[in-house]
Amino acid sequence: MADELFKYDAIDLSELIRKGEITPAELLETTIHRIENLNPRINAVIYKMYDQARATGEIWSSDTKAKKISDSRFCGIPFLLKDLIAESKDTPLSDGSRAVHGYISKLDSEIVKRYKASGLIIVGKSNSSEFGVLPTTEPPIHGPSFNPWDLNLTPGGSSGGSAAAVAAGIVPMAHGCDGGGSIRIPASCCGIFGLKPTRGRNPLGSLFGDLGGGIIHEHAVTLTVRDSAALLDATSGPDLGDPYYAPSIERPFLEEIKNDAGCLKIGFLTSVPEGWNEETALDPDCDAAVRDAAKLCEDLGHDVEEVSAVQLSHPNLPQTFVLIFACFVEHVIAYWERELGKKIGQNELEPPTWDLYQESLKTTGGAFLTAREELQRFSRKIANWYQKGNYDLLLSPTMRIPPTKIGSFQPSPDDPMKWIRIALSFVAFTRTQNITGEPAMSVPLYWNKDNIPIGVQFAGRFGDEATLFRLASQLEQARPWADKNPPIHCINTL
């Protein structure tokens, strides 16, 4: 049976466990075998939690727990937790930083409690950029993660370790967090599905309620749409004292994917909104991907029209977003200085992190609140665009350019700010939804001539993940991607 397990998503694997065709302990050993065989090549898993996972797997495999397991959505499914924000008690956490390396979590974050309650077995921690600053995954403390489609390329970031692991077949889904595109960008780079939910849909507690003025959201990268839907069903809902509250849903997301998507009105973009980037033209591969997706949606019966980027533009937005993100970095550093009882110095931080930190120290409280107000004005503009145009969704490329080579973000003496120019091309489309709080997903529908995945992004109205899931399911049926395996994949190590 183990030789066939790569064919199954998390929901299928749960059914096999319920039927007694495989035990959680056996499935865990298969996953550990994949990590040991594949991780030396892609460096996706930076902390291995085998002993803890085996203890949990043995308990759940016992007859005394069998009935309880059958009631759990993901009974005994191995899962990776990103090494950023989410904490699992008594396990290492570094946030991708030398400054934090060696820290052991004292508690389970609320979302981790919900993961465990759903039956997931956390088998390890996945690689992340330092504090999620860069949209690639190359932290010096752990080394770069590599894209299973081409080991010369980045898997994206900051959830690059999770995306590389899912694309390589190590696990069917893995945790991610997103402050500017960090779920959707690696999903695009690695040819898998990645959804950033509505602000407040998943909790950030118990340690945090608001990170970066509401720009940080948590969910996962997954192989299939239904795994993403089922996992969001398991984790969503407010925690006590949460500062944000997502609108209630009519029915479980897993049921939504079975419903007809109907005829949706979809606007699509083929250039970056003015003011978002130094360059507004798309790479030809990204342009081809979005036009291909628009044609596919039209063929499926949806009302699709190209929209002007001017309608979605806003003055000074990049500078305003960078200010907010810089303050987020300062907040994180201040948190860790309190937690660790030490001052964090420049030698412990990567140059981009230090640059943002220094920028934040120039910012007053009034400037921060003014920036938040400006982003809220932009959010109202986007909400009005949906309403006045009667649009259901906005389609765009996930990234302005394809995944770059490992090392592309590294600053040099003659170009110290190189990283920010490339980062702007990666997040040119994705960060809009971190500002507005709207849900958005990257869907793998297109591969270029070099067989590299180029994702497209669909964004929806605030609180409307349901429409995204219904369309994603329709697209998945029309153009399946789960059987498109990269060269580095567990199927090649069986």
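Some points to look at:
- Take every pair of alpha-carbon atoms less than 8 Å apart whose residues are at least six positions apart; their mean separation over the length of the chain yields a relative contact order of 18 percent.
- Within the same chain, lysines fewer than 8 places from residue 196 are excluded, and of the rest, those with a Cα less than 19 Å from its Cα are 82.
- Residues of the chain were split at every exposed loop site, defined as trypsin sites (Lys or Arg not before Pro) in a DSSP loop with at most 10 other C-beta atoms within 10 angstrom, and the longest piece left, sites excluded, is 20-342.
- Matching label, mean projected area of the Cα convex hull in nm² computed from the structure shown, candidates [x] 30.8; [y] 21.3; [z] 26.0: [y]
- Dividing the summed -39500 (n - 2.57) terms of all DSSP H runs of n ≥ 4 by the residue count of the chain sets its mean residue ellipticity at 222 nm at -12000 deg cm²/dmol.
- Label-point separation, residue 104 to residue 7 (7 Å along Cα→Cβ), nm: 4.3
- Considering only region 2-492, percent of DSSP beta bridges that pair antiparallel, nearest 5: 70
- Debye log10 I(q)/I(0) at q = 0.27 Å⁻¹ for region 1-55, Cα point scatterers: -1.15
- Placing unit charges on each Cβ (+1 for Lys and Arg, -1 for Asp and Glu) gives the chain a dipole about its Cα centre, and among 294, 78, 394 the Cα reaching farthest toward its positive end belongs to 78.
- Since only 269, 237, 490 are under comparison, the one whose Cα sits farthest along the positive direction of the charge dipole of region 2-492, derived from C-beta charges on Lys, Arg, Asp and Glu, is 237.
- Going from the residue with the fewest nearby Cβ atoms within 10 Å to the one with the most, 401, 216, 454 rank 401, 216, 454.
- Separation between Cα centres of region 15-53 and region 250-268, rounded to whole Å: 33
Read-outs throughout are calculated quantities, based only on the coordinates presented, and are distinct from any laboratory measurement. From a predicted model like this one, the values you see are computed outputs, not experimental measurements. Cβ coordinates were reconstructed from backbone atoms using ideal geometry, including for glycine residues, and neighbour counts include every protein chain displayed.
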